Amino acid sequence: EDPQSKSVPKSNLYNSETYGDLLPNRGETLESLAKLGVQFGVCAVATRNFAITIAKAVGRDADAINNELIANLIGPNARMVPAGIVAVSRAQERGYTLVRS
């Protein structure tokens with residue numbers, strides 16, 4: 001739900017600076033993070049599961065929905081990874097830290 005209009009969002013709210021404290025990102029956008037060099041790993045397993053759930057809800061083909069999700073990743077710094085947990089583990093082995101709040 002869009003916290004301003006109380007309706008279904010028509011775009012990714014996390015790419016808008018206009019929501020301030022209404023969203024947990026406090027106006028920090030995915031685009032601004034990408035400009036800082038942040039790399040986003042998108043879990044293929046989770047994406048596939050979302051596609052299956054969406055397909056069942058709307059009566060469409062899960063493969064087509066999965067392909068659409070992959071074609072519309074959050075930005076140019078986003079990459080599909082086979083399994084998110086493996087990508088995080090490998091990054092930590094190389095000195096990166098995962099922070100989640």
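Looking across the stretch 36-68, the residues that are out of contact with any Lys or Arg (no Cβ under 9 Å at 6 or more places or on another chain) and within 24 Å of SER89 (Cα to Cα) come down to LEU36, GLY37, VAL38, CYS43, ALA44, VAL45, ALA46, THR47, ARG48, ASN49, PHE50. Of the helices (runs of 4 or more DSSP H) lying entirely inside the stretch 28-101, those containing at least 2 residues that are surrounded by 15 or more Cβ atoms within 10 Å (Cβ to Cβ) and β-branched (Val, Ile, Thr) span 44-58, 62-71.
For every residue, the table says whether it meets (1) closer than 19 Å to TYR14 by Cβ; (2) touching a strand residue (DSSP E or B) at 6+ places or on another chain (Cβ under 8 Å); (3) of a type in the set (S, T, N, Q).
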position: ALA55; (1), (2), (3): no, no, no
position: ALA71; (1), (2), (3): yes, no, no
position: PRO76; (1), (2), (3): yes, no, no
position: VAL81; (1), (2), (3): no, yes, no
position: GLY84; (1), (2), (3): yes, yes, no
position: SER89; (1), (2), (3): no, no, yes
position: GLN92; (1), (2), (3): no, no, yes
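Checking each residue in the stretch 49-77 for being modelled with pLDDT under 90 and of a type in the set (Gly, Ala, Ser) picks out only GLY75.
Within the stretch 6-27, the set of residues being open to solvent by less than 40 Å² (accessible area, probe 1.4 Å) and part of a helix (DSSP H, G or I) comprises LEU13, GLY20.
The values are calculated or read from the model by the stated rules, or taken from the named source; none is laboratory data. Source: prediction; values computed, not measured. Cβ coordinates were reconstructed from backbone atoms using ideal geometry, including for glycine residues, and neighbour counts include every protein chain displayed. The area values use the complete protein model at the heavy-atom level, side chains included, leaving out ligands, DNA and RNA. Shrake-Rupley method; radii C 1.70, N 1.55, O 1.52, S 1.80 Å.
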